[in-house]
Structures are given as structure tokens and as C-alpha cells.
Amino acid sequence: MKYRQLTTEQLNEMHQEFAKFLATQKIDSDKWQEIKDTNPEMVAEEINLFSDLVWEKVLTNVKYLSNYTGNSLNLFRFDQEEIHRIVIKCTKENFDFSKKEDYQWFVNNSKDPSLSYFKGQKTYFKERNLEIFELIEKGCVIDKGDLYELIYKIIHK
């Protein structure tokens, strides 16, 4: 397995897609029930294959991730060859980017001296989608990239 198995909740949400996946392998609902009753290893194998397909599709489409952790904010942009990262740190006491009021303060005061901006990029050490997956597993979330692009413009002025 390349990534991780989808959760039961995720599988339930993708019930129709999973049924289509099984159908491509000539497994209808009766045969699937028989497999579930008699061959738990095959059940796990089919779920693992489906999970990898879903993850691969999702990760291939990811262009931006973000991670809000206390007084720092990590923003990522993924190109084909490189990961671009912007880190924003705030030295204000008890500041937390995940708090709505603190985040709003940041938006309104992006040039405040308590804010530091760092940027960098690196080539992928592993396969692109694996690196994105590892960041998601560490707490990053997929986003549209609006904040990344805004901060990028601020830094490059």
C-alpha cells in the first residue's frame, strides 16, 4: 500500500465510487458479500487498492497546503519539480494563527514588526504525491492557495 487505507467514514462517503471500482474487477454486490464473508484478506486488498487510487487522484490535484500551528503559519505551493514554502512567525505574546481574532489581526497588520516572513523552495526528495501525503498526515490541510499567493506578493514587493 502506497498511502493509507481510507477511513470507514471516507469509504462510506465513496460507496458508489467503490462499487464502480469493484465492478471494473467484475465483482458485483453478491460476489462482494461472498468475499466479505469468506476472504478478509481480499477485502483488505481491494480496499487498499481503492484507497491508493483515491489518494493518488486527490494528491495529483493538490497545488496548495497550509498548516496553522500557534504563532506560526506554514504555506506550501507544489509545482511539478519543487515545493515552495512560506513561513510566517508572530512574536506577539499568546498569538495563535488558528484563533479567528488573531488571524484577522494578521490580515489587517501584515507589515507589523512582530511578523517575520521566510520563504524557500526545494526539489522533491521523494515522489511529489508522497511528500504531499506526508505533510497532510502531519496536519497540513489542502487549500485554494489564496493566502499563499497574497503573502507571496507581499514578500516580493
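The values are calculated or read from the model by the stated rules, or taken from the named source; none is laboratory data. All values derive from a computational prediction rather than experimental measurement. No Cβ is skipped: glycine too gets one built from the backbone with ideal geometry, and neighbour counts run over all protein chains shown.
Summary of computed values
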read-out: Filter result (among the polar types (S, T, N, Q) and within 26 Å of residue 82 (Cβ to Cβ)) within region 106-127; value: 110, 116, 121, 123
read-out: Residue that is surrounded by the fewest Cβ atoms within 10 Å (Cβ to Cβ), among those in region 11-25 that are in contact (Cβ under 8 Å) with a residue 24 or more places away in the chain and in a helix (DSSP H, G or I); value: 17
read-out: In region 122-153, the residues that are over 14 Å from residue 74 (Cα atoms), acidic (Asp, Glu) and in contact (Cβ under 8 Å) with a residue 40 or more places away in the chain; value: 131, 137
read-out: One residue from 29, 51 being polar (S, T, N, Q) and surrounded by 12 or more Cβ atoms within 10 Å (Cβ to Cβ); value: 51
read-out: Residue identified as farther than 30 Å from residue 54 by Cβ and exposed (fewer than 10 other Cβ atoms within 10 Å of the Cβ) among 89, 99, 111; value: 111
read-out: Wholly within region 26-130, helices (runs of 4 or more DSSP H) carrying at least 1 residues that are within 30 Å of residue 5 (Cα to Cα); value: 29-38, 40-60
read-out: Single condition residue 24 does not satisfy, out of (1) of a type in the set (Ser, Thr, Tyr); (2) touching a Lys or Arg at 6+ places or on another chain (Cβ under 6 Å); (3) not assigned by TED's automatic domain parsing to the domain that holds residue 149; value: (2)
read-out: Among (1) out of contact with any helix residue (DSSP H, G or I) (no Cβ under 8 Å at 6 or more places or on another chain); (2) at pLDDT 95 or above, the one test that residue 78 misses; value: (1)
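So that you can scan it fast, the table gives a plain yes or no per residue for (1) in contact with a Leu (Cβ under 6 Å, 6 or more places away or on another chain); (2) assigned by TED's automatic domain parsing to the domain that holds residue 113; (3) surrounded by 16 or more Cβ atoms within 10 Å (Cβ to Cβ); (4) within 22 Å of residue 154 (Cα to Cα):
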{"residue": "35", "(1), (2), (3), (4)": "no, no, yes, no"}
{"residue": "73", "(1), (2), (3), (4)": "no, yes, yes, yes"}
{"residue": "77", "(1), (2), (3), (4)": "no, yes, yes, yes"}
{"residue": "93", "(1), (2), (3), (4)": "no, yes, no, no"}
